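The values are calculated or read from the model by the stated rules, or taken from the named source; none is laboratory data. Not measured: the values here are computed from a predicted model. In this analysis, Cβ positions are derived from the backbone assuming ideal geometry, glycine residues included, and neighbour counts consider all displayed protein chains.
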Amino acid sequence: MLKQFFKYITQSVAGMIGISVYILADTFFISVQSGADGLAVLNLILPVYGLVYAIGAMIGIGSATRYSISKAQGGNPDFYFTQSIFWCLICSIPFILTGIFLPGKFLELLGADQRLIHLGKGYLRIMLITTPLFMSNYTFTAFARNDHATSRAMIGAIAGSLFNIVFDYIFMFSMGLGLSGAALATAFSPAVTMTICSTHFLSKKNQVEFQWKRPSIRHLVSCCQLGISAFVGELSSAIITIIFNMLILDIAGNVGIAAYGVIANLSLVVMSIFNGLAQGAQPLISQNYGQGKQENVRKLLKWSILSCLVLELVTVALSWGFTDGLIGIFNSENNLLLLNYAHIGLRIYFLGFLFAGINIMLVAYFSATDNARPAITGSLMRGIFAIAVSAVILSKLLGINGVWGSFLSSEVITFAVLLLLSRFQKKPQKEIK
């Protein structure tokens, strides 16, 4: 089982890194093409990505988790995939309409001035119109992982990332489309991932069925309960970015926002590693939980926590050892003020990953074992309440350094809450149909 565990988490982490790399590619190419203003625009739009990813993750990962538990308990989960895609499409409609009719107003609402609105309106429009691709991507990859096709999901994610990097350059520079070209490359990369995952669903090894059943709100809620941790995990990045943007804009202006854009994009890669670890362990934990093999579940949790500890220490060591080099990748204008803000910010902010990885894993564990209440509580603490309170209070006391330190503060608080909640886990129960 240990060999299978490391296979699952390694392939899942690689796949999630592949997904995050195309955001980094956008950041790099946009910084070259549009400088600090381009970074500021992208950072203002990042919360929209976060919300879209959060909804897609809640429906897709929640449905796949419920599918795995139901299947292990001998249930009939043959319609879970089609229901997941259906609800992703329904939830995409408001985003599509906003992208068609109100991209400029939406950017203004996110804090952009007229110069940034002019620069980023085309990017946001394309991103919003292609929301169904981003949301549905989670269903394809999550069901592939839960059907023991982790390598296919990994290959799909990496292929999508490579597509984005190559076509970022082609669309932005060779074809001269600027930020709109970056949006097009990013928008089509999930389609590449889903196409590769589909080769598993069409193969003889596939066990996922595609039966259609009348859409059920009750079924959606049942699945979303187990996907809420993934939802808040993705949404937290959006909420943190919005709160930080508001506070930093008041303290340090557009250059401060650009500096935070560098930190936020680097942190997305690290978050993707821990999310990948959690998503890789989830199918095995859910399967053993559904079969009543509690000793295996405890072993999987232990291995997951130890893996998180190692990755947390490596993350902090790298962020402190190569601070200026990491920032320099995205500081094409050699802006000294941006470098000063980002240097201190990166080091303080990344200390939060000493606790964040374990928190993500614990929340995923609660979801995988059908303990929705502690999973939801822990997710809301780290993704909304603790970070919001910490950022506001510490920014008043310590200025911009307080903003950077609020991530660490919120993760420490969340860790304490999760330890308390771990005492109130429920025991295995029959499936919720």
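With respect to VAL232, is the statement that it is in contact (Cβ under 8 Å) with a residue 12 or more places away in the chain and either outside any helix (DSSP H, G or I) or closer than 21 Å to ARG125 by Cβ (or both) true?
Numbers: in contact (Cβ under 8 Å) with a residue 12 or more places away in the chain: yes; either outside any helix (DSSP H, G or I) or closer than 21 Å to ARG125 by Cβ (or both): no.
Considered against the rule, which asks whether it is in contact (Cβ under 8 Å) with a residue 12 or more places away in the chain and either outside any helix (DSSP H, G or I) or closer than 21 Å to ARG125 by Cβ (or both), VAL232 comes out as no.
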For SER70, work out the one condition from (1) at pLDDT below 90; (2) in contact with a Phe, Trp or Tyr (Cβ under 8 Å, 6 or more places away or on another chain); (3) closer than 30 Å to ILE30 by Cα it doesn't fulfil. (3)
Qualifying residue in the stretch 320-328 (condition: closer than 18 Å to TRP404 by Cβ and surrounded by 24 or more Cβ atoms within 10 Å (Cβ to Cβ)): no
Please determine whether any residue of the stretch 367-375 is touching a Leu at 6+ places or on another chain (Cβ under 9 Å), in a helix (DSSP H, G or I), of a type in the set (D, E, K, R) and surrounded by 16 or more Cβ atoms within 10 Å (Cβ to Cβ). no
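Any idea which residue in the stretch 303-348 is farthest from GLY261 (Cα to Cα), counting only those that are aromatic (Phe, Trp, Tyr) and under 23 Å from the mean Cα position of the chain (by Cα)? Full working, then the answer.
First pass over the stretch 303-348, keeping only residues aromatic (Phe, Trp, Tyr): 303, 320, 322, 330, 341.
Of the ones still in play, those that are also under 23 Å from the mean Cα position of the chain (by Cα) are 303, 330.
Details: TRP303: 33, PHE330: 9 Å.
If we take residues in the stretch 303-348 being aromatic (Phe, Trp, Tyr) and under 23 Å from the mean Cα position of the chain (by Cα), then TRP303 is farthest from GLY261 (Cα to Cα).
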From the list GLY357, GLY378, GLY383, which one is modelled with pLDDT of 90 or more, surrounded by 21 or more Cβ atoms within 10 Å (Cβ to Cβ) and touching a helix residue (DSSP H, G or I) at 6+ places or on another chain (Cβ under 7 Å)? GLY357
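I'd like to check which helices (runs of 4 or more DSSP H) are fully inside the stretch 112-193 and have at least 1 residues that are aromatic (Phe, Trp, Tyr), surrounded by fewer than 19 Cβ atoms within 10 Å (Cβ to Cβ) and touching a helix residue (DSSP H, G or I) at 6+ places or on another chain (Cβ under 8 Å). Give the derivation first.
Numbers: elements: 114-129, 131-146, 150-169.
Qualifying helices (runs of 4 or more DSSP H): 150-169.
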Within the stretch 87-101, can one find any residue that is part of a helix (DSSP H, G or I), in contact (Cβ under 8 Å) with a residue 60 or more places away in the chain and either of a type in the set (D, E, K, R) or buried (at least 21 other Cβ atoms within 10 Å of the Cβ) (or both)? yes
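What residue, of LEU247, LEU268, is closer than 24 Å to HIS343 by Cα and over 22 Å from the mean Cα position of the chain (by Cα)?
Working: LEU268 fails: over 22 Å from the mean Cα position of the chain (by Cα).
Being closer than 24 Å to HIS343 by Cα and over 22 Å from the mean Cα position of the chain (by Cα) holds for just one of LEU247, LEU268, which is LEU247.
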Selected residue (criterion: modelled with the lowest pLDDT) from residues of the stretch 232-266 that are more than 19 Å from SER406 (Cβ to Cβ) and surrounded by fewer than 24 Cβ atoms within 10 Å (Cβ to Cβ): ASN254
